[in-house]
Amino acid sequence: MEVKFNLNGKPVAAEIKADTLLYDLLREEGCYSVKCGCETTNCGLCTVMLDGKPSLSCSILAARVEGREVFTLEGLQKEAEEFGEFLAAEGAEQCGFCSPGFIMNVLAMARELDEPDMEEIKEYLSGNLCRCSGYMGQMRAVEKYIKTKREDR
Amino acid sequence: MQVVNQAIPKVDAKALVTGKPVYTDDLAPKDCLEVKILRSPHAHALIKSIDKTRALKVPGIECILTYEDCPDERFTMAGQTYPEPSPYDRLILDKRVRFVGDAVAIVAGKDKACVTQAMKMIKVEYEILEPVLDFRKAKDNDILVHPEENWKSLCPVGADNKRNLCACGKDEKGDIDEVLKNCDYVVEQTYHTKACQQAMMETFRTYTYMDVYGRLNVVSSTQVTFHVRRILANALCIPKSKVRVVKPRIGGGFGAKQTSVSEVYPALVTWKTGKPAKIIFTREESQIASSPRHEMEIKVRVGADKSGKIRGIDVYTLSNTGAFGEHGPTTVGLSGHKSIPLYGGLDAFRFSYDVVYTNVMSAGAYRGYGATQGIFAVESAVNELAEKIGVDPVVLREKNMVKEGEVMPAYYGETANSCALDRCMAKAKEMMHWDEKYPCKDMGNGKVRGVGVAMAMQGSGISAVDTGSVAMKVNDDGFYSLMIGASDMGTGCDTILAQMAAECMNCSVDDIVVSGVDTDISPYDTGSYASSTTYVTGMAVIKTCESLKKKIIFKAAKYLDCTEEELEFDGKKVYSLKDQREITLRDIGNRVMCNNEDSLSASEAHSSPVSPPPFMVGMAEVEVDTETGKATLIDYVAVVDCGTPINPNLARVQVEGGIAQGIGMALYEDVVYSSSGKNYSNSFMQYKIPTRLDVGKIRVEFESSYEPTGPFGAKSIGEIVINTPSPAIASAISHAVGAKIRELPITPEKIYYGMKKQ
């Protein structure tokens, strides 16, 4: 079957099978930033923005994005780089494999929550696993990023 | 220092944070055959027959390979220097399957769907055998995991396949029985650590293709690029010259990828079919057929006299290597050699061990490499000793810890030339407010907070074995290329090695281009394991830079028509100390590209006769719910002596990441088997690694010594950091509610029943 949707601001039409997952479709479409770490919705690596909401692409059928809008990190390069600089300044990106999914969720949080405190931030990002960093460096980066965003406003 | 000891971002940071396609699966050719493994449902069985007729008829299937298609020469998948201490006990596919999940057949086809369909249609008839599942009963059991005649052990490690022994041995000094008999206080306990998964976010994966010269090209997520070349040549029985291995960015390793877990399968497919092939392990496969930490049961006897002087330590380790012996003979050594030497001035010690084969998944290398298990046991025993004597465990350690300048008989007789363990303890005590918090505080709401302490050490590379070499050259306009054979697995060795080179050449990191590992191009390096890269490869960088500087000055002398002795190089230019003559590096770089007979490149190797230990102290504050037994980590303080931190940010994140993994090991992570050997911990649903809500606060400080044999005074950092959480958390819980948990992970159930038992 064919699915038509908007990917990173551009219309896309793709031939899919009934059981194709959004994760697989996005990688076929060249969005290699989208990673898979667990297949059981535990790790958050496959997070993409579906109609503006962070969603786990490994557990969404590709057919369900018909007529909807999907953003991956490929479509949010400027924001990714902006937050990424904070992450890299802490050395907390490490292997980088969980970075795209994590950054996706950080960007979603920055849009969704107004002046979140550390507990809210931890709660919001708790579905994003990272095995390298121990999370502390990520949290330092998020804290500084949120603070800068607030000051810029 | 201008560049070293500076917290500069990683050289590959921008690509990683913007999600660029830099990992194995991102780079694999689109027409790759998909490779999947049909796995055994039995813990121990002989394959009687495999019928693949129907499966081969599935459209898109390229080949189905079984043991009949594989060479009958045994090899090891352990990424170690040849001759490997790990026994040669593997075939790519074997007629005998040895654990639930062992490889039975390799299926390759045009896509995942057809391969999955074909796998269901392969008919395998098994002769089911009784497995050895209890590692305490494995030694000299009638059932043998490796009865085969062509099993072989290359090194004298005490291995004997006819006894289910992967290794055994003993190291001792003095008469330990006599010393302990005369001690006023003796603790004798048994501790049990379980298999743990490294659970790096990127599972095992490899793609392979044939190149224009008819050579097998392998792109793989590995820590041991050069070893993989040898392992594949051994496995396929082909010349090493026929194999090239390249490491792209890799999504974490932590030792898991020091075993060649995934490479042989697509390699065999490509070698047989000539077509490109790739394998991507699912998380399930990464959980059930990989290379986790060795389960160990450790008996400790530790004795002290009336004054609290520790006089002797006796350690016996029983290690479970599972179905194959990867890293079995070596991990066990660290359980004694890197726990006992934490205490100086012992009258006697003994360390003995057995490593046994069983019918569960093969163990491998995991950060800490046996030291983690041994330190849990010895540090827990010392904490129990403190309680028995009635002394603060910090005070007991201050009295007995190894000091700088002391010889460590249980650490191969090496001297602790750099050791700030005393300063680490003082700093940790201050950060934790230990004196106010020890032993515990009742919070008045059914919850009690306790504090616990542990010390740790590790090594820096394998002495007289690990070899690192690098090559560096001057290019036009005077920028440098640095070619390294070490495998950056996300920890940032590409960056810190560039920092060292920049420090030596008096330039900026931006002036240096780092090229990662390609066995055809990179100078040889044993690989990124055993905490070796900073210490061993770092020294190779320093040596190479010295050679290159000499060559730059030699060439400048020719251009300036003067002697080398009168010239200095300041990083930008070579100038005369006598007169005004000078030439820029930029000009030299450009001029050597025309009419030149002097190569401006250098390559040096380094190996170290010693392996200087980094040291650290960890302190945990844990809150225990007395109603449920649930333990929550509140605060973790880690103070580390890794010598000079080359990049303080990256070193800090190493510590934080290692502590978090250690917290997972202490409280949550467990590989659980059914009574028939099926692995229940086969996903992140069952196998819980810590989230950011589970690790509390992790606070890190450095108390640096200066290691005279290391680059800029540096020692290692990567592994030691996982060693303190288990014993420190166990002790904190004991201080809070009295429950003594000697088996990991420390679950609420164990704490609850531990409280009830009192």
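The values are calculated or read from the model by the stated rules, or taken from the named source; none is laboratory data. What you see is a predicted model, and the numbers here were worked out from it, not measured in a lab. Note that we place each Cβ from the backbone using ideal geometry, even for glycine, and neighbour counts take in every protein chain shown.
Structure data summary
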quantity	calculated
Out of B:A540, B:A557, sole residue that is surrounded by 23 or more Cβ atoms within 10 Å (Cβ to Cβ), in contact with a strand residue (DSSP E or B) (Cβ under 7 Å, 6 or more places away or on another chain) and not basic (K, R)	B:A540
Any strands (runs of 3 or more DSSP E) falling wholly within segment B:445-545 and containing at least 1 residues that are within 29 Å of B:Y636 (Cβ to Cβ)	B:447-457
Residue in segment B:492-507 that is farther than 30 Å from B:T203 by Cα and surrounded by fewer than 19 Cβ atoms within 10 Å (Cβ to Cβ) present	yes
Test set (1) touching a residue at least 12 places away in the same chain (Cβ under 8 Å); (2) assigned to a helix (DSSP H, G or I); (3) not hydrophobic (A, V, I, L, M, F, W, C) - B:S716 fails condition number	(2)
Tally, over segment B:1-43, of residues that are crowded, with 17+ Cβ neighbours inside 10 Å, within 14 Å of chain A (Cβ to nearest Cβ), out of contact with any Lys or Arg (no Cβ under 9 Å at 6 or more places or on another chain) and not in a loop (DSSP other than H, G, I, E, B)	2
Residue, nearest to the chain's Cα centre (by Cα), within segment A:13-40, restricted to residues that are among the charged types (D, E, K, R) and within 11 Å of chain B (Cβ to nearest Cβ)	A:K35
From the options B:D694, B:D670, residue that is assigned by TED's automatic domain parsing to the domain that holds B:D641 and in contact with a Pro (Cβ under 6 Å, 6 or more places away or on another chain)	B:D670
Members of segment B:86-99 found to be buried (at least 24 other Cβ atoms within 10 Å of the Cβ), touching a residue at least 40 places away in the same chain (Cβ under 8 Å) and part of a loop (DSSP other than H, G, I, E, B), listed by number	B:S86, B:P87, B:D89, B:R98, B:F99
The listed residue being of a type outside the set (S, T, Y) and in a loop (DSSP other than H, G, I, E, B), out of B:E178, B:E188, B:E149	B:E149
Members of segment B:657-706 that are within 13 Å of chain A (Cβ to nearest Cβ), more than 30 Å from B:S418 (Cα to Cα) and small (G, A, S)	B:G664, B:S681, B:S683, B:G696
Residue that is over 28 Å from B:I722 (Cα atoms) and surrounded by fewer than 18 Cβ atoms within 10 Å (Cβ to Cβ), where the choices are A:E81, A:E119	A:E81
Sole residue being surrounded by fewer than 16 Cβ atoms within 10 Å (Cβ to Cβ), closer than 18 Å to B:Y265 by Cα, outside the structural domain of B:G677 (by TED's automatic domain parsing) and in contact (Cβ under 8 Å) with a residue 40 or more places away in the chain, chosen from B:K170, B:K152, B:K112, B:K123	B:K112
Residue check, B:P131 within 24 Å of B:Y680 (Cα to Cα) and in a loop (DSSP other than H, G, I, E, B)	yes
B:M432 being of a type in the set (A, V, I, L, M, F, W, C), farther than 24 Å from A:G134 by Cβ and assigned by TED's automatic domain parsing to the domain that holds B:T626	no
Residue match in segment A:76-86 (condition: of a type in the set (F, W, Y) and under 21 Å from B:F684 (Cα atoms))	no
Positions within segment B:619-653 being closer than 23 Å to B:M665 by Cα, touching a residue at least 24 places away in the same chain (Cβ under 8 Å) and within 13 Å of chain A (Cβ to nearest Cβ), in sequence order	B:L633, B:D635, B:Y636, B:V637, B:A638, B:L650, B:A651, B:R652
Output for segment A:117-132, where each listed residue is in contact (Cβ under 8 Å) with a residue 24 or more places away in the chain and assigned to a helix (DSSP H, G or I)	A:M118, A:I121
